[in-house]
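Visitor: Pasting a structure below so you can have a look.
The values are calculated or read from the model by the stated rules, or taken from the named source; none is laboratory data. Small disclaimer: the values here were computed from a predicted structure and weren't measured. Cβ: placed from backbone, ideal geometry, glycine included. Neighbour counts: every protein chain shown.
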Amino acid sequence: MGEVTALRGPGRALVPRRVAVLSLHTSPLELPGTGDAGGMNVYVMQTALRLARRGIEVEVFTRATASDLPPVVEAAPGVLVRHVMAGPFEDLRKEELPAQLCAFAAGVLRVEAQREPGYFDLLHSHYWLSGQVGWLAKERMGAPLVHTAHTLAKVKNAAMAEGDTPEPRVRVIGEEQVVAASDRLVANTAFEFDQLVSLYGARPEAVATVPPGVDLDVFVPGDSGQARRRLDVAEDAVVLTFVGRIQPLKAPDVLVRAAARLLAEEPSLRDRLVVLIVGGPSGTGLEQPEALQKLAAELGIGDVVRFLSPRSGPSLAEVYRASDAVAVPSHNESFGLVALEAQACGTPVVAAAVGGLPVAVADGRSGRLVHTHDPSDWARALRAVALAPGAGEELAAGAVRHARRFSWDSTTDELISTYREATSAFGADGARRIGREDRTG
Ligand code: UDP
């Protein structure tokens with residue numbers, strides 16, 4: 001899809017010229033894979049870049065988390081990231097952010113008030129905290145609101161890992177309000193579509209299913225020998241890898257336990273098996289890297305498990321290329337970008353059959369889905385993918401084919417269609433319905 005021309009509807013462009021993207025709790029400029037930065041950061045940045053290339057300007061509003069951050073950063077032509085002052089810079093946990101919604105909303109509205117009326121044609125909020133601000137900003141700006149939940153409290157609470165704290169009622173109520181206030185909701189998969197409708201009462205016609213993508217320029221197959229040399233991994237090693245924020249919900253311990261099981265079954269693997277854990281601590285799992293290290297030592301495989309700091313782009317692609325299989329053992333995953341990235345590099349994925357992972361992984365063709373978190377089942381699946389003679393090559397080719405069905409370009413095209421639908425749903429009388437005159441004239 002090339003550059004789009006703004007189509008004029010009654011009073012407002014059907015395809016927006018400028019979108020205000022709200023990403024309160026985490027900045028697209030942060031390195032993903034640690035703290036609160038993960039797939040949502042990647043999603044916001046990758047789609048913002050592509051919207052801008054299609055002629056739609058994007059301003060991303062995020063909370064300032066350090067005193068030395070400039071108020072505005074131009075991430076790329078047509079993409080501004082605004083750091084909004086809302087609460088202290090550091091030491092504010094995600095659970096404390098609901099108390100900062102008012103300050104954040106004031107910061108967003110202050111920027112808008114300095115512009116001509118109707119400057120932003122549409123708001124797109126990510127995660128419920130931003131959705132709450134989007135709800136208020138929508139009414140103030142007289143513009144439609146599109147919302148992407150990324151994760152849902154009711155779903156997360158139903159799939160809790162040991163050591164996880166349940167999501168509070170305030171979040172559930174907040175999400176229900178955002179669902180009701182949005183002109184369109186974006187679901188990653190048909191499964192999430194159903195959850196929004198059945199658990200949150202969303203109107204089916206207001207939910208668009210838009211799969212996320214993968215950067216097919218960065219995540220490409222390549223020289224695994226070279227990748228291994230750079231990571232100081234032997235050519236003949238069997239490499240099983242976890243990539244992501246280290247927290248109980250992501251269950252990296254399942255991979256460690258499965259590796260111990262594999263070694264118990266096949267002691268000759270001892271000198272060749274390498275488990276890579278790539279990422280940093282996150283959320284309630286702040287102690288997790290240490291806990292994982294302790295677990296590996298208790299299982300007698302402390303020497304097999306290696307921890308690597310978070311990394312992105314080509315250096316992350318190298319980790320995937322160095323791996324025989326990437327494990328995604330999450331208890332819940334709204335999609336699982338890591339699974340797509342690994343497959344795009346030609347590495348099969350063994351994933352838990354939860355959330356969006358059955359879409360991200362084609363069972364038997366690009367990897368394996370496992371229906372439990374039992375280490376024996378995981379050991380069996382990892383063996384089938386990484387150790388069975390010949391299986392690796394076939395799955396590697398299938399993995400690349402499967403990943404190529406997804407791209408941020410198609411995600412962006414579908415988002416633009418959703419923006420168009422949201423604008424028509426909001427309609428000529430949208431501003432009147434929310435108690436404002438249409439300010440676009
Ligand atoms: N990631 C990264 N560096 C790391 C670990 C993870 O850039 O060291 C990125 C990874 O490439 C992926 C995202 O973080 O794009 C994680 O997204 P995913 O959907 O797998 O999980 P989420 O963080 O959304 O729960």
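Visitor: Please list, ordered by residue number, the strands (runs of 3 or more DSSP E) wholly in the stretch 133-212 having 2 or more residues that are under 19 Å from the mean Cα position of the chain (by Cα) and either within 16 Å of the ligand (Cβ to nearest atom) or at pLDDT below 95 (or both). Walk me through how you get there before you give the answer.
Guide: Working: elements: 145-148, 184-187, 207-209.
Qualifying strands (runs of 3 or more DSSP E): 184-187.
So that you can scan it fast, the table gives a plain yes or no per residue for (1) surrounded by fewer than 24 Cβ atoms within 10 Å (Cβ to Cβ); (2) free of Cβ contacts under 8 Å to residues at least 24 places away in the same chain; (3) out of contact with any Asp or Glu (no Cβ under 9 Å at 6 or more places or on another chain):
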residue: 303; (1), (2), (3): yes, yes, yes
residue: 308; (1), (2), (3): yes, no, yes
residue: 333; (1), (2), (3): no, no, yes
residue: 343; (1), (2), (3): no, no, yes
residue: 350; (1), (2), (3): no, no, yes
residue: 354; (1), (2), (3): yes, no, no
residue: 359; (1), (2), (3): yes, no, yes
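Visitor: Would you mind stating whether residue 260 is away from the ligand (no atom under 16 Å from the Cβ), in a helix (DSSP H, G or I) and either at positive phi or over 19 Å from the mean Cα position of the chain (by Cα) (or both)? Show your work before the answer.
Guide: Numbers: away from the ligand (no atom under 16 Å from the Cβ): yes; in a helix (DSSP H, G or I): yes; either at positive phi or over 19 Å from the mean Cα position of the chain (by Cα) (or both): yes.
Yes, satisfied.
Visitor: Moving on to the next point. Among the residues of the stretch 263-292, count how many are closer than 27 Å to residue 33 by Cα, more than 16 Å from the ligand (Cβ to nearest atom) and assigned to a helix (DSSP H, G or I).
Guide: 2
Visitor: State whether one or more residues within the stretch 328-337 are away from the ligand (no atom under 11 Å from the Cβ) and closer than 21 Å to residue 245 by Cα. Outline the logic, then answer.
Guide: The initial filter retains those residues of the stretch 328-337 that are away from the ligand (no atom under 11 Å from the Cβ), namely 329, 331.
Applying the additional criterion that residues be closer than 21 Å to residue 245 by Cα yields 329, 331.
Scanning the stretch 328-337 turns up at least one residue that is away from the ligand (no atom under 11 Å from the Cβ) and closer than 21 Å to residue 245 by Cα.
Visitor: Do we find a residue being over 18 Å from residue 147 (Cβ atoms), within 16 Å of the ligand (Cβ to nearest atom) and modelled with pLDDT under 95 anywhere in the stretch 38-46?
Guide: Within the stretch 38-46, one or more residues are over 18 Å from residue 147 (Cβ atoms), within 16 Å of the ligand (Cβ to nearest atom) and modelled with pLDDT under 95.
Visitor: Taking residue 226 and the conditions (1) within 16 Å of the ligand (Cβ to nearest atom); (2) in a helix (DSSP H, G or I), which numbered condition does it fall short on, given that it satisfies the others?
Guide: Failed condition: (1).
Visitor: Against the conditions (1) within 16 Å of the ligand (Cβ to nearest atom); (2) among the charged types (D, E, K, R); (3) surrounded by fewer than 17 Cβ atoms within 10 Å (Cβ to Cβ), where does residue 250 fall short? Just the number, please.
Guide: (3)
Visitor: Looking at 367, 356 in this structure, which one is within 16 Å of the ligand (Cβ to nearest atom) and under 17 Å from the mean Cα position of the chain (by Cα)? I'd like the intermediate steps shown before the answer.
Guide: Details: 367 fails: under 17 Å from the mean Cα position of the chain (by Cα).
That would be 356, the only listed residue that is within 16 Å of the ligand (Cβ to nearest atom) and under 17 Å from the mean Cα position of the chain (by Cα).
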